[in-house]
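Everything on this sheet refers to the single structure shown next.
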Amino acid sequence: MTRQELVNEKFNDLMKDDIVHSKRKVLAGIVLTYNNRPEGAKVRVIAVTTGTKCVSGEHMSERGRAVNDCHAEVCARRALQRHLYRQLYQYARSADPTKLIPTSDIEPLPGGGYALRKHVQVHLYVSTAPCGDGRIFSPHETSEPALDRHPNRLARGQLRTKIESGEGTIPVKNSSNTVQTWDGVMQGERLLTMSCSDKAARWCCVGLQGALLALLLRPVYPRALVLGSLLHPAHTSRALYGRIEGSLTALPPPYALHRVMLARAASAEVRSPARAPSFSVAWCENDTVPEIINATTGKLESGQPSLLCKQSMFARWQYLVKRLPLLPQSTECTTVTPTLPQLDGLLYQEAKQLSPGYQLAKQRLIEAFDKAKLGKWVKKPLEQDQFICELTDADPELLFA
Ligand SMILES: [Zn+2]
């Protein structure tokens, strides 16, 4: 079965008794493949997600309890993070966390920390091209050779933001103020979120694991992006890495720009003209039922936070960093062994800063866009990340379920 078929089959199976939530406009999934694996499956579907909407400004959470961006591929990445946390949890539970668990997707490194094993590859499937630069100039399916006739047009490659409660994207303003303010958004300013094309370009630079996991895990890069429709190689490759190749300064190792392989799925997804639903389905391997996230509130219909929210990730991180050997961190000119600060009262924002290599790579990416005159990366209000972990006493079996 192809990667597209695997994701579709899993989704149909999960949603067979739930017609309401099986409605979707974009479907995404994470598939892991294994080389040289003598026994067991060579391929695994780790995550299946849907969604095309973002949280509305008034529902931003100052406790990390709302999922801001429910576009399918963004949720798929967060579901992959849950998978990585689970893999690390197995090490935290084992008698010797520096000893390889043969069935794990990750392996301990001699100097501390962990890495995805060499024979494991991460594939991201999305039923259509990521919103923003990768989709905007090629809104139609075509069988023509996919050459961009106007590659030098000024709008090509620009950073774009999703608009609150809408579906399209708009170019970022070229103002110097790229940090949004909490009070501004609460008073009705539209909350801006970077487009999926821009986020995917970032994943090709800093990996899919995010800042928190970077303290434990070497960057996890996507090997391939498989699109169910609207794959125009010229536009998609520009969106993912081509537009910053010329302006990106060297990243601190082990970070490096990864030119993700692009693939068109065997059978084209048909465009559905129906209105996009305002929920997101999110499933991670071993979940008996998927979560249904209300994309407007960023929470489950019950009002409970999703397992994909920052607060949940932060709690998993806090549990693990106390128990596992940390990954040495590269800074501008040297590599340092990180020391864990006092975790009591540590803010999420402060935890993200404990991975200087990741932060530097991210900074270089933002500078590369700026240098190439493609716009300034827009940040969410700073207050969003100033929360503490509220789940320090949580049962780890539930936390990592
Ligand atoms: Zn998107």
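Each value in this text was obtained by applying a stated rule to the coordinates, not by laboratory testing. Keep in mind it's a predicted model, so treat the numbers as computed, not measured. Cβ atoms come from the backbone with ideal geometry, glycine included; neighbour counts cover every protein chain shown.
Hey, can you rank 129-138, 345-354 by average C-beta count inside 10 Å, highest first? Mind showing how you got there, number by number?
On the way: 129-138: 24.5, 345-354: 16.3.
In descending order of packing, they fall as 129-138, 345-354.
With θ set to phi - 60°, apply the Karplus curve 6.51 cos²θ - 1.76 cosθ + 1.60 along region 341-347 and write out the HN-Hα couplings as whole Hz, x wherever there is a Gly or Pro.
Here the 3J(HN,Hα) series is x, 4, 7, 4, x, 5, 7 Hz.
Along the Cα-to-C-beta direction of Glu367, a point sits 7 Å from the Cα; which residues of region 197-234 have their amide N less than 19 Å from that point?
Residues 202-207 fall inside that zone.
Go through region 327-335 residue by residue and turn each phi into a ³J(HN,Hα) via Karplus (6.51, -1.76, 1.60, θ = phi - 60°); whole Hz please, and just put x for glycine and proline.
7, x, 10, 8, 10, 3, 10, 8, 10
Anything over 19 Å Cα to Cα? Flag those among Lys310/Lys380; Lys118/Lys310; Lys23/Lys162; Lys25/Lys376, in the order listed.
Flagged as over cut-off: Lys118/Lys310; Lys23/Lys162; Lys25/Lys376.
Provide the packing ranking of 67-75, 2-10, 308-316, 97-105, i.e. peptides ordered by the mean count of other C-beta atoms within 10 Å per residue, highest first.
Listed from highest to lowest mean packing, they are 67-75, 308-316, 2-10, 97-105.
If I take every Cα pair under 8 Å that is 6 or more residues apart in region 323-377, average their sequence separation and divide by the length, what percent do I get for the relative contact order?
So the answer I get is 26 percent.
Take every Cα pair under 8 Å in the chain that's 6+ residues apart, average their separations, divide by the length, and report that relative contact order as a whole percent.
25 percent
Please give the length that would be gained between Glu107 and Ala276 if that part of the chain were fully extended, namely 0.36 nm times their separation in residues minus their C-alpha to C-alpha distance (nm, one decimal).
56.8 nm
Tally the DSSP beta bridges in region 199-309 and give the antiparallel ones as a percent, rounded to 5. Walk me through the numbers on the way to the answer.
Values: 6 of 10 bridges.
Bridges in region 199-309 are about 60 percent antiparallel.
Tell me the label-point distance for the pair Asp18, Lys322, using the 7 Å Cα-to-Cβ offset, in nm and rounded to one decimal.
3.3 nm
What do you get for Rg/Rh of region 77-220 when both radii come from the Cα atoms and Rh is the Kirkwood radius?
Reported Rg/Rh (Cα atoms, Kirkwood Rh): 1.08.
Tell me whether region 228-382 comes out rounded, prolate or oblate; compute the Cα gyration tensor, take square roots of the eigenvalues as a ≥ b ≥ c, and use a/c under 1.5 as the rounded threshold.
Verdict is oblate for region 228-382.
Can you compute the modelled spin-label distance between Ala95 and Gln353, with each label point 7 Å from Cα toward Cβ, in nm?
Taking the simple label geometry, Ala95 and Gln353 are separated by 4.1 nm.
So for region 223-382, averaging the separation of alpha carbon pairs under 8 Å that are six or more residues apart and normalising by length, what relative contact order in percent results?
24 percent
Which aspartates and glutamates have a Cα less than 12 Å from the Cα of Lys371, not counting those fewer than 8 places away in the same chain?
Glu245
At 0.36 nm per residue, minus the direct Cα-Cα distance, what do Ala266 and Ala401 gain on full extension? Give it in nm, one decimal, please. Don't skip to the answer; put the middle values down first.
On the way: separation 135, 0.36 × 135 = 48.60 nm, distance 3.38 nm.
Full-extension gain reported as 45.2 nm.
Going by Cα centres, region 3-71 and region 148-203 are how many Å apart?
24 Å
Could you give the length gained by full extension between Ala250 and Leu343, i.e. 0.36 nm per residue of separation minus their alpha carbon distance, to one decimal place?
Additional length available on full extension: 30.2 nm.
Using C-alpha positions alone, give me the convex hull volume of the chain per residue in cubic angstrom.
145 Å³
Percent of alpha carbon pairs in region 1-138 separated by more than 17 Å?
Of all Cα-Cα distances in region 1-138, 68 percent exceed 17 Å.
Sort Val172, Val179 so that the residue with the fewest other Cβ atoms within 10 Å of its own Cβ comes first and the one with the most comes last.
The most exposed by this proxy come first: Val179, Val172.
What Kirkwood hydrodynamic radius do you get for region 286-378 when you take the inverse of the mean 1/r over all pairs of distinct Cα atoms, in Å? Provide the component values of the computation, followed by the final result.
Details: mean 1/r = 0.0608 Å⁻¹.
For region 286-378, the Kirkwood estimate is 16.4 Å.
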